[in-house]
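Reading through the structure tokens given below for one structure.
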Amino acid sequence: MPLRHSANVYLRMDDIMKLSDLGEKEVIKRILRYVDESDLIEKGDDVASYGNIALKVDGFSIEYSKYPWNTYYDLGWKVITMVTSDLVVKSAVPRAYLVSLGLPRTFRMLHLDDLVKGLKDAVLFYNSRFLGGDLNECACNGWIDVFSLGIFKARPPGKRNKIKSAYIIVTGEYGLTSVAYYIYQNRLNWRELIKIYPQVFKTTKQPVVYLRLADIIAEYIDYIYASTDVSDGLAYSLWEISEGNRIEIEISNIPIHEEVKEFALRYDLDCFTLALYGGEEFEAILLVDGEVADEIVDRINRFHKANIIGKTGEKGIGVFIKKKMIAKKGWEYFT
């Protein structure tokens, strides 16, 4: 129902709502009303397509993304990995990157050099090219956006398909980024903890993804029903797949890093909660045919880590561990 303004002007409820009233996911749904369909991937996926070209843009606010132990080099490296992660899980490899920077006039040139060097070194690590971009002045602490153009090695798997039965494979081990966030939020002495939990800090400084994963996805594309990267937390990513496909997911195993187990024991935390509700893991979830699940895991384990963590169940919506539904929580802006 419209609201009446004092000057006899009628306002819709949407006209007075703020982004914080909706949350990131609902805001995205509204933007998608104006977005055209991609050629190979459904609208709203993390990667767009134009023919066999993969298109991806991502970024972050420096204020929200820089831990005290991060250098600006780390931020440059991380944002390139962030973009690359989404490409790889869709069987694409990057060919070029463009970067848009928004920085305050007080930003030190030393830090800019460090940031750009991190960008460049990460691009080289992914066997690609850094072709420039755009520079802006901003009133905030700064932001970084990266666009990448990649090439699909095969028809990309989406997030939403007609899935009947599938095994769920995840790459990597979980909980490290949650531990980092806990250290930051509780103002623990990170200079001491970095000596005890080096992988926690390495993961949040210069994370990497493996381009070879794109080759494996392309090779087994006929047996892979859906894929997504894990950047908003494992639980949230699994929920997105469940909701998109209207199928229940039953989890039987979560690969948790040893440092996470040790940290949880030391600070009386639940390591499963740390593993499920992180963010910026930049790992992959694959829903695959059971006939080739073990084979795919073996192939990935030659250069990284992979595990079968569960399988799909009945039609419906929900993610379950031992028949108990887990909460849908994860990183979300505007909340």
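The values are calculated or read from the model by the stated rules, or taken from the named source; none is laboratory data. The shown structure was predicted, so the numbers you read here are calculated from the model rather than taken from an experiment. Cβ atoms come from the backbone with ideal geometry, glycine included; neighbour counts cover every protein chain shown.
Selection of first residues in region 317-335 that are farther than 14 Å from residue 239 by Cα and of second residues that are modelled with pLDDT of 95 or more and part of a loop (DSSP other than H, G, I, E, B), restricted to Cβ pairs under 7 Å at least 6 apart or on distinct chains, gives an empty result. Of the helices (runs of 4 or more DSSP H) contained entirely in region 241-330, those carrying at least 1 residues that are farther than 29 Å from residue 60 by Cα fall at 258-267, 293-300.
Would you mind finding the one in 170, 260 that is surrounded by 17 or more Cβ atoms within 10 Å (Cβ to Cβ), of a type in the set (A, V, I, L, M), touching a Phe, Trp or Tyr at 6+ places or on another chain (Cβ under 8 Å) and at pLDDT 95 or above? One residue alone meets the criteria, 260.
For region 173-196, taking the residues that are of a type outside the set (S, T, N, Q) and buried (at least 22 other Cβ atoms within 10 Å of the Cβ), the one that is farthest from the chain's Cα centre (by Cα) is identified as 183. Out of all the residues in region 213-221, is one or more among the charged types (D, E, K, R), in a loop (DSSP other than H, G, I, E, B) and in contact (Cβ under 8 Å) with a residue 40 or more places away in the chain? No, there is no match, as no residue in region 213-221 is among the charged types (D, E, K, R), in a loop (DSSP other than H, G, I, E, B) and in contact (Cβ under 8 Å) with a residue 40 or more places away in the chain.
Picking from residues in region 116-132 that are touching a strand residue (DSSP E or B) at 6+ places or on another chain (Cβ under 7 Å), more than 16 Å from residue 85 (Cα to Cα) and of a type outside the set (Phe, Trp, Tyr), the one that is surrounded by the fewest Cβ atoms within 10 Å (Cβ to Cβ) is 132.
Within region 228-239, residues that are assigned to a loop (DSSP other than H, G, I, E, B) have Cβ atoms under 7 Å from residues that are of a type in the set (Phe, Trp, Tyr) in these pairs: 231/282; 232/331; 233/277; 233/331, counting only partners at least 6 apart in sequence or on another chain.
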